Amino acid sequence: MTSGERPSTRHRRERMVELLGAGDGSVHDLAAAFGVSLSTVRRDLAALAGDGRITRTYGGAVDHRAAERSWHDKARQHRTEKGAIARTAAALVRSGDVVLLDAGTTVARLAHELRARTDITVVTNGLSTLVELADAEVEVVVLGGRLRRPNESLLGTRTDQALRGITPDLAFLGVDGLDPRRGVNCPDPEQAALKETMARCARAAWVLADDSKLAGGGGFPYWAAVPPGTGLISGAAEPGCGARDADDGGAARHLAAFAAAGWSVLPCGRPTAPEDGPGPTPGS
């Protein structure tokens, strides 16, 4: 903050940071909350972003401190749905497959479902997946790189180089947010680039996302584009999977939007069998 600010302006901006800490904030919502004009809110957000206290998004902003939660915090959320998603994803893995597992709490649940498999190879950059498979019989290949916190992933030049020498049969990606047309929302440009590489290097790519990841697209500034036909496994709108808004039809509308945009949508709980094939094939 600059020393020349009025006390009222300084107080309003401090309150904005507090409100943004509770979730995403749109310019219109903030203007209504403080009784000021849209242009005033935009100036406030620009000043806060310049001080490094928030991240500007399309139509609003998010608080840096609230933008990316810890791995342990996310692991406690939507546990029932994540388990159902993981079981559905595991049913797609065939004997002899090379399976690429991204970082993420839902992907870690998938790793747990694959612990007893002795007929596959898992390639991963996720620390949580390594923990799940440390004492299992699965053949594991670790992608090198730099440890990124708080999502416990390995990324960087070494990770990219290792991926160039692998063509996995299946890739399963974790996400912080998702948009049917823009792809996977990411808090870091390097992470976005890695997810794009993962989705394109595999014969078939699937995104694992609980219903909370579908509603708002995401509040981070970076996006990873995915190939046409990429798969989406979600518990949204599927009874018994733990989706929060399955009863009001909101989750079903979210999934329909992804299907309309060319995604291959597979709700968790729907019967699948390895002999049905590995899933969607990414475009060239």
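The values are calculated or read from the model by the stated rules, or taken from the named source; none is laboratory data. Since the model is a prediction, treat every value here as computed from it, not as a measurement. FYI the Cβ positions are ideal-geometry reconstructions off the backbone, even for glycines, and counts take in every protein chain you see. Accessible surface is based on the protein model in full, side chains and every heavy atom, while ligands, DNA and RNA are left aside. Shrake-Rupley method; radii C 1.70, N 1.55, O 1.52, S 1.80 Å.
Results for (1) at pLDDT below 90; (2) assigned to a strand (DSSP E or B); (3) of a type in the set (D, E, K, R), shown as yes or no for each residue.
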| position | (1), (2), (3) |
| --- | --- |
| 161 | no, no, no |
| 184 | no, yes, no |
| 197 | no, no, no |
| 216 | yes, no, no |
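Would you tally the residues in region 111-122 being open to solvent by 20 Å² or more (accessible area, probe 1.4 Å), part of a loop (DSSP other than H, G, I, E, B) and under 16 Å from residue 83 (Cβ atoms)?
Counting residues in region 111-122 that are open to solvent by 20 Å² or more (accessible area, probe 1.4 Å), part of a loop (DSSP other than H, G, I, E, B) and under 16 Å from residue 83 (Cβ atoms) gives 2.
Restricted to region 123-137, and to residues that are over 23 Å from residue 164 (Cβ atoms) and in contact (Cβ under 8 Å) with a residue 24 or more places away in the chain, which residue is least open to solvent (accessible area, probe 1.4 Å)? Restricting to residues being over 23 Å from residue 164 (Cβ atoms) and in contact (Cβ under 8 Å) with a residue 24 or more places away in the chain, the top hit is 128.
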